[in-house]
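Dropping the structure in here first, questions after.
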Amino acid sequence: MARMIDLRSDTVTKPSIEMRKAMYEAEVGDDVFQEDPTVNELQEYAADLLGKEAALYVSSGVMGNQLCLNVLTNPGDEIICERDAHIFQYESGSPAKLSGIQMMPVPGEMGVITPEQIEPCIRPASAYYMPRTKVVELENTHNRAGGTIQPIENIIRVEELVKKHNLLFHLDGARIWNASVETGISVKEYASHFDSISCCLSKGLGAPAGSIIAGTKGFIEEAFRVRKSWGGGMRQIGILAAAGLYALKNNISRLAEDHKKAKILAEVIAEIPSLEIDLNTVQTNIIIFKAKTLSIEQAIERFKSHGVLLSEGKPGFIRVITHLDVSFDEIEKTKKVFKEIFS
């Protein structure tokens, strides 16, 4: 049976032979006692890469974001975020469930919200009958908007607003590596504007699991405590941390290939009259488009019958995500499938 071309997500990647070797050879210890040397090395390497005092390895991107929000807030506080933000749409109501905090979603343009939109949403400090605005959150790249990049100029302007109102600033940087590779702006520069950052290792970087959060030493000490209370304290976890360390050292620059693959497919989609796409949103490795003549379910099933797996994006859109386990030859095959289905 021919191999399926899986473009549902960049989370479907498998560890390479070299990554598996690093995992097999990893030196391990008890990470709850902070004695796993591979985890410690990963955390130190990531903290330096991000320009933060300390970092913590966690099991997933959701755990990473939620740990950050928990440490930055108290029950009854409010987070301002973009309406399609991952923390609002795709994290199972965890801010309310785990930390007793609520979201103030703001409609953005391609995932971007400006200081002019944010400032009216900041609650008056004297309004004891309202939730307290505590954190502003941005997402870079923005998943639901199609892998769009937060302009650094806007990040700086939002940072100035956050400081003006004595708030805190969190970055969901699940795909910050993609933003950095595409713009040439270092992850350290991006992270420098935020109090906390969460970054995934298991998406385009190809590790099988795990994320990194980073901030001040005190912030990470508290996050370590909360991680334990949520059942996130693991033991000889260096086997997985080794994959993340390998990913950070070897798989960042190659993300440019995934961006090129996405642009190749996006250009084909734009040429087909029965498909609708905004090429301005195709900035990294995610494509979102509409099929005018087929329902989402019909289109996904049709592609599957041709050996290509796609997924549903935000309501009304089909999503394609390119990654290291899809070759340029398979991208060419997928181009032919698009033309065959929608000819």
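The values are calculated or read from the model by the stated rules, or taken from the named source; none is laboratory data. Nothing here was measured: the structure is a model prediction, and the numbers come from that model. In this analysis, Cβ positions are derived from the backbone assuming ideal geometry, glycine residues included, and neighbour counts consider all displayed protein chains.
Name the residue, out of Ile296, Ile269, Ile252, that is buried (at least 20 other Cβ atoms within 10 Å of the Cβ) and of a type in the set (A, V, I, L, M). Give the derivation first.
Working: Ile296 fails: buried (at least 20 other Cβ atoms within 10 Å of the Cβ); Ile252 fails: buried (at least 20 other Cβ atoms within 10 Å of the Cβ).
Step by step, each of Ile296, Ile269, Ile252 is checked, and only Ile269 is buried (at least 20 other Cβ atoms within 10 Å of the Cβ) and of a type in the set (A, V, I, L, M).
Collect the residues in the range 90-113 that are of a type in the set (S, T, N, Q) and either touching a strand residue (DSSP E or B) at 6+ places or on another chain (Cβ under 9 Å) or part of a loop (DSSP other than H, G, I, E, B) (or both), keeping them in residue-number order.
Within the range 90-113, Ser92, Ser99, Gln102 qualify.
Report the residue count in the range 152-176 for those that are in contact with a helix residue (DSSP H, G or I) (Cβ under 6 Å, 6 or more places away or on another chain), more than 17 Å from His86 (Cα to Cα) and part of a helix (DSSP H, G or I).
The qualifying residues number 3.
Looking at Thr73, Thr38, which one is among the polar types (S, T, N, Q) and in contact with a strand residue (DSSP E or B) (Cβ under 9 Å, 6 or more places away or on another chain)?
Just a single option satisfies the conditions, and that option is Thr73.
While we're here: Glu116 is checked against (1) over 16 Å from the mean Cα position of the chain (by Cα); (2) touching a residue at least 24 places away in the same chain (Cβ under 8 Å) and fails just one. What number does that condition carry?
(2)
Which condition number in (1) hydroxyl-bearing (Ser, Thr, Tyr); (2) in a strand (DSSP E or B); (3) under 24 Å from Leu279 (Cβ atoms) is the one that Ser198 fails?
Among (1) hydroxyl-bearing (Ser, Thr, Tyr); (2) in a strand (DSSP E or B); (3) under 24 Å from Leu279 (Cβ atoms), Ser198 violates only (3).
Mind telling me which of the residues Gly147, Gly184 ends up being loosely packed, with under 15 Cβ neighbours inside 10 Å and either without any contact (Cβ under 8 Å) to a residue 60 or more places away in the chain or out of contact with any Leu (no Cβ under 8 Å at 6 or more places or on another chain) (or both)?
Unique residue meeting the criteria: Gly184.
For (1) in contact with a His (Cβ under 8 Å, 6 or more places away or on another chain); (2) buried (at least 17 other Cβ atoms within 10 Å of the Cβ); (3) closer than 30 Å to Asp30 by Cα, each residue gets a yes or a no:
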| position | (1), (2), (3) |
| --- | --- |
| Ile176 | no, yes, yes |
| Asp195 | yes, yes, yes |
| Ser229 | no, no, yes |
| Gly238 | no, yes, yes |
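Please verify whether Asn154 is buried (at least 24 other Cβ atoms within 10 Å of the Cβ) and not aliphatic (A, V, I, L, M), treating the condition exactly as stated. Break it down stepwise before answering.
On the way: buried (at least 24 other Cβ atoms within 10 Å of the Cβ): no; not aliphatic (A, V, I, L, M): yes.
When the stated conditions are applied, Asn154 does not pass them.
Can you pull out every residue in the range 114-151 that is part of a strand (DSSP E or B) and of a type outside the set (Ser, Thr, Tyr)?
Hits for the range 114-151 are Arg132, Lys134, Val135, Val136, Glu137, Leu138, Glu139, His142.
For the condition over 17 Å from Cys199 (Cβ atoms) and either within 20 Å of the chain's Cα centre (by Cα) or surrounded by fewer than 23 Cβ atoms within 10 Å (Cβ to Cβ) (or both), what is the one hit in Tyr129, Tyr45?
The match here is Tyr129.
Polar (S, T, N, Q), in contact with a His (Cβ under 8 Å, 6 or more places away or on another chain) and in contact (Cβ under 8 Å) with a residue 60 or more places away in the chain: is that true of Asn280 in this structure? Walk me through how you get there before you give the answer.
Details: polar (S, T, N, Q): yes; in contact with a His (Cβ under 8 Å, 6 or more places away or on another chain): no; in contact (Cβ under 8 Å) with a residue 60 or more places away in the chain: yes.
No: the conditions fail for Asn280.
In the range 215-323, which helices (runs of 4 or more DSSP H) lie fully inside it and hold 2 or more residues that are of a type outside the set (A, V, I, L, M, F, W, C), modelled with pLDDT of 95 or more and in the same structural domain as Phe88 (by TED's automatic domain parsing)?
It comes to 217-229, 238-250.
Continuing with the same structure: In the range 41-90, what residues are of a type in the set (Gly, Ala, Ser) and touching a Leu at 6+ places or on another chain (Cβ under 7 Å)?
Ala46
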